[in-house]
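Input: a single structure, listed below in structure tokens.
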Amino acid sequence: GVVSGLRVGWDLRESEHPTLAVSNEDGRWLNLALLLRHPAFSSEESLARVTWSAQAWTLAPWSKARGFAHHALSIRYSGGYGTGGSTSRRLFVAGGLPEQDVFTSVLDGTFVGSGYLRGYPTGLTRGDQEHLLTAEYRLPLANFLRGLLTIPFYLDRLTAAAFADYGAAMAHEFDPGELRLGIGGELRLSFTLAYFLPATLRLGIAQGLSRDGELQTYLLAGNVF
């Protein structure tokens with residue numbers, strides 16, 4: 001059918017990213033968005049959904065010590081609440097990372113971003129609201145910053161991250177018992193292909209510590225929040 005609507009958003013971002021940093025080392029990002037679908041907008045579906053996120057970056061307290069330069073912390077809370085929509089599906093889905101064809105994704109620039117509950121099956125929980133808290137500790141491993149002759153492949157840097165994801169999607173009332181916790185780590189290799197396609201390969205391992213949790217290993221092309 002026909003689905004159309006109105007979306008209004010507000011976004012505030014201020015951050016600091018030094019040249020050799022693993023990620024932003026200072027700053028914050030706030031985001032709020034409202035989506036409305038209604039027959040008044042020629043839509044066959046009616047719904048109202050509000051989503052939000054708050055994120056902060058900071059250097060690790062020991063980052064000034066020798067050997068710990070550019071060690072950074074990042075934390076993000078995102079969520080949403082809605083009503084209406086199709087009776088055959090929920091407004092929010094929370095779960096593990098989706099399957100991906102890495103090579104095609106790099107060429108197309110269709111990367112896997114944040115907002116997943118690593119260590120759990122894809123699309124595990126569904127509902128009218130979602131809450132996800134993610135924290136990462138990031139550190140540099142090697143700066144390559146070079147290519148080979150004129151081959152259109154430029155290695156940037158290798159970094160690592162330890163993470164924890166805590167959240168779920170749920171129906172109707174908020175239930176803390178539905179929240180799941182996953183932990184793990186990633187190696188991240190950033191590079192540029194064909195002189196203008198930046199990408200990051202993420203090799204990770206994740207373990208879900210709550211019910212339905214599983215041990216996962218994965219390789220994907222994705223952005224880092």
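Odds and ends about this structure:
- Dividing the alpha-carbon radius of gyration of region 27-110 by the rule-of-thumb value 2.2 N^0.38 Å gives 1.66.
- When the helices of the chain are scored as -39500 (n - 2.57) per DSSP H run of n ≥ 4 and the total is divided over every residue, the value at 222 nm lands at -1000 deg cm²/dmol.
- Rolling a 1.4 angstrom probe over the protein heavy atoms with all chains in place gives the chain an accessible area of 55 Å² per residue.
- Rel. contact order, % - alpha carbon contacts under 8 angstrom, at least six apart, the chain: 15
- As a fraction of the 1.4 Å probe accessible area of region 89-131, surface on carbon and sulfur atoms comes out at 49 percent.
- Whole-Å distance, taken between Cα centres, linking region 17-34 and region 144-189: 15
- For the chain, built as a Gaussian network whose Cα springs stay under 10 Å, the top-fluctuating residue of 113, 96, 184: 113
- Across 122, 159, 150, mean-square fluctuation computed from a Gaussian network of the chain (C-alpha pairs under 10 Å connected) peaks at 150.
- Taking Cβ atoms as reference points and 9 Å as the exclusive limit, the residues near residue 35 contribute a net charge of +3, counting Lys and Arg as +1 and Asp and Glu as -1.
- Net charge of neighbours whose Cβ lies under 12 Å from the Cβ of residue 57, counting Lys and Arg as +1 and Asp and Glu as -1: -1
- Two-decimal ratio, region 19-68, of alpha-carbon radius of gyration to 2.2 N^0.38 Å: 2.09
- q = 0.29 Å⁻¹: log10 I(q)/I(0) that the Debye formula gives for region 147-208, counting C-alpha atoms only: -1.11
- Listed values (1) 53; (2) 56; (3) 42, entry calculated as percent of Cα pairs over 23 Å apart: (2)
- Compactness relative to 2.2 N^0.38 Å, alpha carbon Rg of region 68-123: 1.56
The values are calculated or read from the model by the stated rules, or taken from the named source; none is laboratory data. Please read these numbers as outputs of a predicted model, since none were measured by experiment. Note that we place each Cβ from the backbone using ideal geometry, even for glycine, and neighbour counts take in every protein chain shown. Surface accessibility is based on the protein's heavy atoms, side chains included, excluding ligands, DNA and RNA. Shrake-Rupley method; radii C 1.70, N 1.55, O 1.52, S 1.80 Å.
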